[in-house]
Amino acid sequence: MCGIAGIIYADANGGREVGSDITRMLQSMKHRGPDSTGYALFGPSSGSYVMRFTLADANDPRDFEFADRIKRNRFLVEQRLWRYGAQIHDLEEETEYAFRVTFDYDGDLKQLADLVEDVPGAEVLSLGHALEIIKDLGDAESVATQYDLGGFRGTHGIGHVRMATESDVDISGAHPYWAYPFNDVAVVHNGQLTNYFQWKRRLERSGHRFNSECDSEIIAVYLAEKMSDGASLEDAMRDSLEELDGVFTYIAVTEDALGVAKDEMAAKPLVLYEGDDMVALASEEIAIRAVLDREIDTYDPFEGEVMVWQR
Amino acid sequence: MAAVGEGRITYDARGLAEPAAEAPRVAEVDGDRATFDARDLSTRLINLELRRLLYEEGVTDVTVENPGAKHSIGVGILTRCRITFAGSLGYFGCGLIDGPEVQITGRVGWSACENMMSGVVTVAGNAGSLTGAALRGGDVVVHGRVGARSGIDQKGGTIIVGGDAGMMTGFMMQRGRMILCGNVGHGLGDSMYDGTIYVGGTVASLGVDCVPGEWTDADTEFVERKFRIHGLGSPPELQKFVCGKKLYNYDNLEPSERKLVL
């Protein structure tokens, strides 16, 4: 079933508590997907890059070598970043297997991401100036606590609670998906894509890599590739209604925009609130009410609709 | 619902255990009227309180404040009464009801009034997809717009929509009537067996076997009467759509009647 949510604030110059807002939204939809929870949050951009990566999955067995292996591989990541010209400011250990690193870099992002992912067990969850993807197993409250998201301030964000249906319950299968190797683009999706393999092969032939077996991953890369060819987010999303088959509602975010697309069959729900202070959207209204404790006017976008809000 | 030892454990719509699933008895009762605040109550507790008031206390007019778009509220009420939801309902609101007159001051989510047998449900705001799915009787009045596949498998009653309607509205409709004042999406009345759909705005496309129908005085009388009953003013100019009867050739017999005839 899965549940998706997004929020973009009108006056986010100083940053709003997007981490706790998305957590409340996702926790209220826990019943739609208790397997894993994920966030794509946009914090204030400092001009440096921020990268989130994992060196193991939450499910991986904790053998005697586990801690040493993580330590060794973390060192390898740091070494590769330095070697290829990244000036590391900070490398934080979020959990025993998840890390956040900030750095300055003016080289090729794809090459850098590939080098990091060449380290055994490494997966880059996000890379950008403001985008940070956090995902793990469990419900929103447990993930937010684990990664201390209560204090995360930012401009906009999206989230996802997953009920795994077509791929494994692990971090790789959790949403959101970063549009590797394009910075600051991410997607959450509720639905199924029926021409997934066709698009996966097509994008792989263009040089993109996929870390999961989840159909949702291609949406992010599909959009980012379109945008890198000059399309706006809205145009790319409109194209997706024609080119992606299946039933889907997805939310996409870039550094300065948030958009939603609903397929021609409108089989996956979405409720929308547009106010002066924010736009909030979710699979269920109950999630929007988790952050707006007042009577509000909401509606469901119709089939085939694409809507984009700029920050 | 599961039984564990001597105590019964029940679960709310989110699958969370509610060991003490008894009516919370929080309503303020004044004669045949009652009001309670649902803000901190789960779906199950809201419905238990509603049923306690209507079936045990003899209350006939209940106001539920702050329903908070929770799911499956007000379902299975089988008595004539008046219920006001001061706020919005989530999915599956007011399903399987038989008799109540319900006012919803906010909006409703997907599948509102599913399998409703009789009564009136009035929604001040918008409604989600599948509104009035398998409706058997009564009136559903939505002042705003409705999502896709509203009136799917409708078997009776009337759905009135003040705004636009999504795609496949009236899909596989069997009987009853829909009055859609706004624009309608693609596939209107697709595969409908019978029934009548009135549309005030534009129709993106007709579904398979849905065709324009001939307007009669009975249509005028019906539409005007419904608008009068629900205080909706003058009806807009409407087009009528019916089943072309080319796709399926079903009779109008109930299964039990068909058994007797055949």
With a Förster distance of 30 angstrom and the Cβ-Cβ distance between A:D90 and A:D229, calculated FRET efficiency to the nearest 0.05 equals 0.30
In the range B:197-226, the GluC sites (Glu not before Pro) that sit in a DSSP loop and have at most 11 other Cβ atoms within 10 Å of their own Cβ are B:E214
Mean per-residue count of partner chain Cβ within 10 Å for B:164-171 equals 2
Residue by residue through the range A:124-138, the couplings from Karplus 6.51 cos²θ - 1.76 cosθ + 1.60 with θ = phi - 60°, in Hz, x for Gly and Pro, are 7, 7, 7, 8, x, 7, 9, 6, 9, 9, 10, 8, 6, 7, x
Within chain B, excluding any trypsin sites (Lys or Arg not before Pro) found in a DSSP loop (not H, G, I, E or B) and having at most 14 other Cβ atoms within 10 Å, the longest uninterrupted segment runs B:81-244
Expressed in angstrom and ordered largest first, the alpha-carbon extents of the range B:29-245 along the principal axes are 51, 29, 24
When chain B is treated as a Gaussian network with springs between alpha carbons less than 10 Å apart, the largest mean-square fluctuation among B:H230, B:H186, B:H71 is found at B:H230
Per the charge dipole of chain A (beta-carbon charges, Lys/Arg positive, Asp/Glu negative, Cα centre), the residue among A:T249, A:G275, A:M51 reaching farthest to the positive end is A:M51
Computed ³J(HN,Hα) along the range B:122-139: with the Karplus parameters 6.51/-1.76/1.60, θ = phi - 60°, integer Hz and x for glycine or proline, the list is 10, 10, 6, x, 8, 10, x, 5, 6, 4, x, 4, 6, 4, 9, x, x, 10
Interchain or sequence-distant (5+) residues whose placed amide H lies within less than 5 Å of the amide H of A:E305 are A:K262
If every Lys and Arg gets +1 and every Asp and Glu gets -1 at its Cβ, then about the Cα centre the range A:46-128 yields a dipole, in debye to the nearest 20, of 140 debye
Rg (one decimal) and Dmax (whole number) from the Cα set of the range B:71-112, in Å, equal 9.4, 24
To the nearest 20 debye, the protein assembly as shown has a Cα-centred charge dipole, built from +1 on Lys and Arg Cβ and -1 on Asp and Glu Cβ, of 1200 debye
Within the protein assembly as shown, the percent of DSSP beta bridges that are antiparallel, given to the nearest 5, stands at 65 percent
So the FRET efficiency between A:E295 and A:T102, C-beta based with R0 = 35 Å and rounded to 0.05, is 0.25
Of the convex hull drawn through the C-alpha atoms of the protein assembly as shown, the volume per residue in Å³ is 188 Å³
Here the whole-number average of other chain Cβ atoms within 10 Å per Cβ of A:297-307 is 6
Using the Cα gyration tensor of chain A, the equivalent ellipsoid's semi-axes, largest first and to the nearest Å, work out to 29, 21, 19
Counting only DSSP beta bridges fully inside the range B:29-245, the antiparallel percentage to nearest 5 is 15 percent
Taking the protein assembly as shown and counting helices only, DSSP H stretches of n ≥ 4 at -39,500 (n - 2.57) each over all residues, the nearest-500 ellipticity at 222 nm comes to -5500 deg cm²/dmol
In the range A:175-256, the GluC sites (Glu not before Pro) that sit in a DSSP loop and have at most 14 other Cβ atoms within 10 Å of their own Cβ are A:E213
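FYI, it's all coordinate maths here, none of it is from the lab. The structure presented is a predicted model; accordingly, all values stated were derived computationally and were not measured. Neighbour counts run over all protein chains shown; Cβ positions are idealised from the backbone, glycine included.
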